[in-house]
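The values are calculated or read from the model by the stated rules, or taken from the named source; none is laboratory data. Please read all numbers here as calculations on a predicted model, not as lab measurements. Every residue, glycine among them, receives a Cβ derived from its backbone with ideal geometry; neighbour counts consider all protein chains shown.
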Amino acid sequence: MEYFAYFLLGLSLNLTPCVYPMITITLSLFKGSSPEDHRKSFIKALVYVGGITVMFTSIGLGAALTGEFFGSLLQNFWVLLLMGVFIIGLSLSMFGLYTFRLPSRLIPQRKTPVGKSLFEFFVSGLLVGVIAAPCVGPVILSLLTAVSHTGDALYGAVAFMILALGMGSPYLVLGTFSGLLKKLPRSGAWLIWFERLLAVILFSFGVFYLIIAFRLPVVQWLVPTALLAGGIYLGWLEHTAHEFRQFRIFKRAIGTVAAGAGLLMIAGMVLTHSGQGVEWEKYRAGILDEARESARPVILDFYADWCIPCHDLEKYTFSDPRVAEALSGFRRIKADATYLEKSDLKELIRDLKVFGVPTIVMLDDRGMEIDEMRISGYIGPDEFLEMMRLSDAARFLPDLTGDDNP
């Protein structure tokens, strides 16, 4: 049952913006296959998915064995810059500014024998894993955290392999039956509009890479701004020739909902109360020893400037007065992993098996981790408080059951 959940998790990764362009690349790779020759198409697709599987299994196994911090790719300026430029370039192609084609060497020709092109399909699958890896960080982080507690490298490898197979299964079907796409009706306005939708998503994600490459303090504004601008463009400014009235109504409804959601998010970020939340101190060498000697519990918040869920935690969870009150007896420490290579966090991250951000770790008054309070990813204030009440951290909560009257 556990492995089936990993498979479904991998399948859901195809909804992430990094993976969307791979659909187009897959179609380009397999469009030379004939509808009747499903056996050869299946073999090619299987090798392609094998490349994806090898890449993700290697990432998971390598991180589990070495304790390497999963956000390491997001520490290198040139990696971020190249990824941002590449994805924005791909999005501009989908906006129709120019035509993007894979190098001819990566596109097997119709007359190429199946055996001679299998390596090219395998390498193309590896490329999918490389492009998708930074995008699916939260999922990988959660799985890495679960695997690390088992101490079983084989289990970790199998778990990541099944995750990758779940992600690759649509490509297996798409590659095997790609020849049948020729029998579908000709592309219409809906398909052009959908391509523009993917272009907006990709462009936003490319901008995200550039923001974190140049360390601009605006990453938390990216999603609402993309929803607002994308909704206006897709609903009202994007005009496709020969579109039906029903489709025009549909796209305007989608655009209005997206723009409205963006406005609501912006309003929430602007109006969210501040100044009443958790007050933090910066991590430094020896601070955990001080807390242990004074018999104080500790909450460690591992974050990075480029991490959107980290900003959400600060904005919505740690700004809640109830959370601030619950943590009043704790030593509250922020561990900044933005510049991990230049920080003194490496040893702490390795010791605590922190694989990414955001990660919240709680230590009791003896310096031992409260396992139930290990949190990876965003959690709302209500859920956070409930976890504290149901865990060993409850004994450090202040008495909030008394009468509120003076």
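For the range 189-196, the count of residues that are under 28 Å from the mean Cα position of the chain (by Cα), buried (at least 17 other Cβ atoms within 10 Å of the Cβ), modelled with pLDDT of 85 or more and assigned to a helix (DSSP H, G or I) is at least one. Taking residues in the range 281-309 that are closer than 21 Å to residue 338 by Cβ, and partners anywhere that are among the hydroxyl-bearing types (Ser, Thr, Tyr) and outside any strand (DSSP E or B), the pairs with Cβ atoms closer than 7 Å and at least 6 places apart or on different chains are 304/338; 305/338; 306/338; 309/378.
Per-residue answers, yes or no, for (1) at pLDDT below 75; (2) touching a Ser or Thr at 6+ places or on another chain (Cβ under 9 Å); (3) part of a loop (DSSP other than H, G, I, E, B); (4) closer than 27 Å to residue 353 by Cα:
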residue: 46; (1), (2), (3), (4): no, yes, no, no
residue: 50; (1), (2), (3), (4): no, no, no, no
residue: 58; (1), (2), (3), (4): no, no, no, yes
residue: 64; (1), (2), (3), (4): yes, yes, no, yes
residue: 129; (1), (2), (3), (4): yes, yes, no, yes
residue: 139; (1), (2), (3), (4): yes, yes, no, yes
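For first residues located in the range 356-370 and outside the structural domain of residue 311 (by TED's automatic domain parsing), partners that are surrounded by fewer than 23 Cβ atoms within 10 Å (Cβ to Cβ) and at pLDDT 95 or above and lie 6+ apart or on another chain with Cβ distances below 6 Å do not occur. Evaluation of residue 362 against the conditions (1) part of a strand (DSSP E or B); (2) under 30 Å from residue 216 (Cβ atoms) shows that the sole unmet condition is (2).
With a requirement of 1 or more residues that are of a type in the set (S, T, N, Q), the helices (runs of 4 or more DSSP H) lying completely within the range 206-313 that satisfy it span 222-232, 245-271. Once the range 341-373 is narrowed to residues that are of a type outside the set (Val, Ile, Thr) and within 19 Å of the chain's Cα centre (by Cα), the residue that is modelled with the highest pLDDT is 358. For residue 331, the test of being more than 29 Å from residue 211 (Cα to Cα), in the same structural domain as residue 375 (by TED's automatic domain parsing) and of a type in the set (D, E, K, R) is passed. Each residue in the range 323-359 was checked for being surrounded by 15 or more Cβ atoms within 10 Å (Cβ to Cβ) and part of a helix (DSSP H, G or I), and 8 pass.
Residues that are part of a loop (DSSP other than H, G, I, E, B) and either out of contact with any Asp or Glu (no Cβ under 9 Å at 6 or more places or on another chain) or closer than 13 Å to residue 297 by Cα (or both) within the range 381-398 comprise 397, 398, listed in sequence order. Number of residues in the range 235-253 that are surrounded by 16 or more Cβ atoms within 10 Å (Cβ to Cβ), at pLDDT 90 or above and out of contact with any Lys or Arg (no Cβ under 6 Å at 6 or more places or on another chain) equals 1. Checking each residue in the range 255-309 for being within 18 Å of residue 219 (Cβ to Cβ) and charged (D, E, K, R) picks out 301, 305.
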